[in-house]
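The values are calculated or read from the model by the stated rules, or taken from the named source; none is laboratory data. The shown structure was predicted, so the numbers you read here are calculated from the model rather than taken from an experiment. Quick reminder, even Gly has a Cβ in these numbers, built from the backbone with ideal geometry, and neighbours come from all protein chains shown.
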Amino acid sequence: MAIRKNKEIYRTEGLFYHPSFVKREEKAEIIAWLQTLFPIWEMRYSEHNPPPAGDEQRQLKRPVYWLGNWQFACLNYYHPPKGIHNRCVRAEDYPQVLKKMLTVIEGITKSHFKRNDVPKDWTLNTCLINFYGSSIDPVTGKKTDQARVGDHKDFELGPVASVSFGERAFFQFVLGKKDLKNNIVKEFWIDDSSLQIFGGELYKEKAFHRVQRVENKLKNPFKLNVEYFETRRINFTFRYVPKEHIIDYKNLPDELRSDILPYMEQLAQHSEHFRQALRSPL
Ligand SMILES: O=C(O)CCC(=O)C(=O)O
């Protein structure tokens, strides 16, 4: 079931994997830029979006940062066809190094994927940056590994591109949520500096994907502005949200503005974009 034996580019319908896509200098530039960010911890729910029956309020397992638009967890993420309004709040633009890289990634996507699998106007205008690692207890210093993501789908339209740095992650596409061996469609290790693009009926619409674990071999965590957390892998997933579904903070309904205000204020401490968003007249 492994997709490759050698460090070769892998292509199949709906899936593209390049194990060493990002050049060493690009990686250095991206990591230097990441060191200027202040990722935040989000809670899954909020005052106006409380946990549904059977669920409870919880912190996400990792700090995050979004570019293009911020899909706050408590706004329930972008989920077409019904969940398209008031979910994607305009955020900072990409740095130059990512813009350049994305031109290449969009080109690969358009030549690899079937025309029907790439929506009209598709462009990778949204990015979630996930920081994987261990939380550190502020009192005891005890580390707890939180480097995994459960089964889920990315609901943004069209192919999703994923770029990773740091330790290797064990990634799976599975059919259905039951933990059965024969549910696995594809599984493989995701390398440092790799690019994965997935889309189409099987990998994007039918299958769930998950990160089962992240290796902990290098003992060389990233130096980032995240307190009480040791990051050993960073993943960027680039996605597409139609621009009519991206909303300015000031145009959100009052109760949603109030739910995300603490996050906006935290982001504004280090970002001109979010300072401006808070200053804009309603
Ligand atoms: O970290 C990864 O490789 C996958 C991240 C992911 O599943 C997501 O951002 O939706």
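Numbers for the structure displayed
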| item | result |
| --- | --- |
| Any chance His152 is closer than 19 Å to Tyr203 by Cβ and within 12 Å of the ligand (Cβ to nearest atom) | yes |
| First in segment 181-199 and in contact (Cβ under 8 Å) with a residue 40 or more places away in the chain, second anywhere and part of a helix (DSSP H, G or I) and of a type in the set (Val, Ile, Thr), Cβ under 6 Å, 6 or more apart | Ile197/Thr109 |
| Test: residue in segment 94-106 that is in contact (Cβ under 8 Å) with a residue 40 or more places away in the chain and within 13 Å of the ligand (Cβ to nearest atom) | no |
| Residues of segment 156-176 that turn out to be among the polar types (S, T, N, Q) and out of contact with any Ser or Thr (no Cβ under 6 Å at 6 or more places or on another chain), as a count | 1 |
| Filtered residue count, segment 175-196, keeping only those that are buried (at least 18 other Cβ atoms within 10 Å of the Cβ) and within 12 Å of the ligand (Cβ to nearest atom) | 6 |
| When residues of segment 32-83 are limited to those that are of a type in the set (S, T, N, Q) and loosely packed, with under 13 Cβ neighbours inside 10 Å, the one farthest from Pro95 (Cα to Cα) | Gln57 |
| Some residue of segment 146-168 being surrounded by fewer than 19 Cβ atoms within 10 Å (Cβ to Cβ), among the basic types (Lys, Arg) and more than 20 Å from the chain's Cα centre (by Cα) | no |
| Criterion (in contact with a Pro (Cβ under 8 Å, 6 or more places away or on another chain) and at pLDDT 95 or above) met by exactly one of Gln57, Gln35 | Gln57 |
| Members of segment 13-31 found to be surrounded by 14 or more Cβ atoms within 10 Å (Cβ to Cβ) and either without any contact (Cβ under 8 Å) to a residue 40 or more places away in the chain or of a type in the set (A, V, I, L, M) (or both), listed by number | Leu15, Val22, Ile30, Ile31 |
| Some residue of segment 218-230 being outside any helix (DSSP H, G or I), within 16 Å of the ligand (Cβ to nearest atom) and within 30 Å of Leu157 (Cβ to Cβ) | no |
| Given (1) in contact (Cβ under 8 Å) with a residue 40 or more places away in the chain; (2) away from the ligand (no atom under 15 Å from the Cβ), number of the condition Asn116 does not satisfy | (1) |
| Residue among Arg239, Arg213, Arg233 that alone is surrounded by fewer than 20 Cβ atoms within 10 Å (Cβ to Cβ), in contact (Cβ under 8 Å) with a residue 40 or more places away in the chain and of a type outside the set (A, V, I, L, M, F, W, C) | Arg213 |
| Selected residue [in contact with a helix residue (DSSP H, G or I) (Cβ under 6 Å, 6 or more places away or on another chain), surrounded by 18 or more Cβ atoms within 10 Å (Cβ to Cβ) and under 23 Å from Cys74 (Cβ atoms)] from Leu267, Leu256 | Leu267 |
| Given (1) in contact with a Pro (Cβ under 8 Å, 6 or more places away or on another chain); (2) farther than 17 Å from His245 by Cβ; (3) not hydrophobic (A, V, I, L, M, F, W, C), index of the condition Asn86 fails | (2) |
| Qualifying residue in segment 93-111 (condition: farther than 30 Å from Asp145 by Cα, charged (D, E, K, R) and touching an Asp or Glu at 6+ places or on another chain (Cβ under 7 Å)) | no |
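Listed here are the residues, each with its yes/no results for (1) in a strand (DSSP E or B); (2) among the basic types (Lys, Arg); (3) closer than 26 Å to Asn125 by Cα.
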{"residue": "Gly150", "(1), (2), (3)": "yes, no, yes"}
{"residue": "Phe155", "(1), (2), (3)": "no, no, yes"}
{"residue": "Ser164", "(1), (2), (3)": "yes, no, yes"}
{"residue": "Phe170", "(1), (2), (3)": "yes, no, no"}
{"residue": "Phe173", "(1), (2), (3)": "yes, no, yes"}
{"residue": "Asn182", "(1), (2), (3)": "no, no, no"}
{"residue": "Glu187", "(1), (2), (3)": "yes, no, no"}
{"residue": "Asp192", "(1), (2), (3)": "no, no, yes"}
{"residue": "Gln196", "(1), (2), (3)": "yes, no, yes"}
